[in-house]
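Only the coordinates and a few stated rules stand behind these numbers; no lab work does. Bear in mind the structure is a predicted one, so any value in this text is a computation, not a measurement. No Cβ is skipped: glycine too gets one built from the backbone with ideal geometry, and neighbour counts run over all protein chains shown.
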Amino acid sequence: MATPDPTARLRFREMDSADLDDLAALLGDAGVMRYYPATKTREGAAAWIRWTQGNYARYGHGLWIIETHEGAFVGDCGLTWQQVNGVPELEVGYHVRSELHGQGYATEAATACVEFARGHSEAEALVAIIHPDNRASERVAEKLGMVRVADDLGESFPRRVLRMPLRRSPADAS
Ligand SMILES: CC(C)(COP(=O)(O)OP(=O)(O)OC[C@H]1O[C@@H](n2cnc3c(N)ncnc32)[C@H](O)[C@@H]1OP(=O)(O)O)[C@@H](O)C(=O)NCCC(=O)NCCS
């Protein structure tokens, strides 16, 4: 399966069961999961891997492991289909180990995912669906060039949605 191209500091690879220790630590970290309903247990992290592998099989993409060129685990980042107000939208998602926050890793990885989506998906646009208090995540989406659109009202609270087109409009070509 194709993965996004490597970046200056990161490479992408498929997630598998050998990543359980790293993912259980990442998704069990209260700081990383601050804007989720709860941290994930080890079984929850295993289910995350199974969901991701299902996405690879069904769509040819999903979340990928992001790691340094030396193989050090950084987190995950990738492309999944999500519902926004009842409409399927391709989302770029990212989770970075707490110790590595603020070094530009999420933006670097997500930028490679934008390019991958342009080349490997029929989607017209890419979104990021974000808890309203998650300023770091919103900032990453802004740095990708996304702009805020109508909130998603499908959860118990309105989630912020930022969006960017993946295709040039006919007007751009003139
Ligand atoms: C969101 C997340 C992936 C960002 O990872 P990262 O590698 O630190 O991101 P980057 O370094 O590329 O960019 C972060 C930006 O947010 C800014 N930022 C971080 N915390 C902030 C805060 N509390 N308020 C305002 N800006 C903040 C940084 O300054 C940076 O912007 P800048 O480059 O303009 O200075 C990371 O915080 C994370 O893993 N969070 C937990 C998981 C999560 O919430 N994922 C998103 C789900 S929607």
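One table, with the values for the structure above:
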read-out	value
Fewest-first ranking of V92, V127, using other Cβ atoms within 10 Å as the exposure measure	V127, V92
Mean separation of Cα contacts under 8 Å, 6 or more apart, over the residue count of the stretch 23-124: relative contact order %	19 percent
GluC sites (Glu not before Pro) within the stretch 87-128, DSSP loop, no more than 16 other Cβ atoms inside 10 Å	E122, E124
Residue among L79, M15, Q53 farthest towards the positive dipole end of the stretch 10-173, charges placed on Cβ	L79
At most 15 other Cβ within 10 Å, DSSP loop - chymotrypsin sites (Phe, Trp or Tyr not before Pro), the stretch 1-93	Y35
For S121, S137, S17, order by how many other beta-carbon atoms lie within 10 Å, fewest first	S17, S121, S137
